[in-house]
1. Quick one: net charge around LEU100, please, counting Lys, Arg +1 and Asp, Glu -1 for every other residue with C-beta under 12 Å from its C-beta.
2. With each label point set 7 Å from Cα along the Cα-Cβ vector, what nm distance links MET35 and THR72?
3. Could you sort 105-118, 28-41 so that the peptide with the highest average Cβ count within 10 Å comes first and the rest follow in order?
4. What net charge is computed for the residues neighbouring ILE36, neighbours being all others with C-beta under 13 Å from the C-beta of ILE36, Lys and Arg scored +1, Asp and Glu -1?
5. So if R0 is 30 Å, what FRET efficiency would SER97 and ASP60 give, r being the distance between their Cβ atoms, rounded to the nearest 0.05?
6. Given the Cα-Cα distance of LYS90 and LEU105 and 0.36 nm per residue of separation, how much length would full extension add, in nm?
7. Find out how many positive minus negative residues lie around ILE51, taking Lys and Arg as positive, Asp and Glu as negative, among other residues whose Cβ is under 12 Å from that of ILE51.
8. Can you tell me which of 71-82, 92-103 comes out highest on packing, and rank the rest after it, using the mean Cβ neighbours within 10 Å?
Amino acid sequence: MSRLSVSGPSQDERRLTEELRRHYDGYLAINQYGMIGNLRTAAMVGMDGSIDFMCWPEFDSPSVFCRLLDKTRGGHFSITPACAISATSKQQYLPFSNVLTTKFLSEDGVGTVTDFMHRPRPRSRHHRHMLPWLIRS
């Protein structure tokens, strides 16, 4: 793959998302999501590389991204391959962890997005809210 885009989606990136979402009126099926969390909140990560639902910084906080419930106004954050026309995707958790990898496979190569949330320190009143990203191509 030539590059991963974190700016606005290109036409190819939109095609990957539309292909995965077209059978469900613009939504992903629930089995097309993985979940990451840190004991204080969680996020739903779609097979198309998008975070479609996340409350921040606690479970009972307002949602930051909510495309899972409203595709037009809910908001999301996506990291998708630039050559998404012929890409397929797969998700898996690293063994014995809450680290989720989404792989994009195409004739040009393989791109991997790894998602996780940092766990807060035990017995810490003040914790830093972090959503670290590790991107490999």
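The numbers here are math on the coordinates, done by the rules we state, and not lab data. If you're wondering where the values come from, they're calculated on a predicted model, not measured in any experiment. In this analysis, Cβ positions are derived from the backbone assuming ideal geometry, glycine residues included, and neighbour counts consider all displayed protein chains.
1. On the way: positive: LYS90, LYS103; negative: ASP115.
After counting each charged neighbour, the total is +1.
2. 2.9 nm
3. Details: 105-118: 17.2, 28-41: 15.3.
Descending packing order for the listed peptides: 105-118, 28-41.
4. Details: positive: ARG40, ARG119; negative: ASP52, ASP115.
Summing Lys/Arg as +1 and Asp/Glu as -1 gives 0.
5. Numbers: r = 25 Å, r/R0 = 0.85.
After rounding, the FRET efficiency stands at 0.75.
6. Numbers: separation 15, 0.36 × 15 = 5.40 nm, distance 0.82 nm.
Full extension of this stretch gives 4.6 nm more.
7. Details: positive: ARG67; negative: ASP48, ASP52, ASP115.
Value of the local net charge: -2.
8. Working: 71-82: 17.5, 92-103: 13.8.
Output ranking for 71-82, 92-103: 71-82, 92-103.
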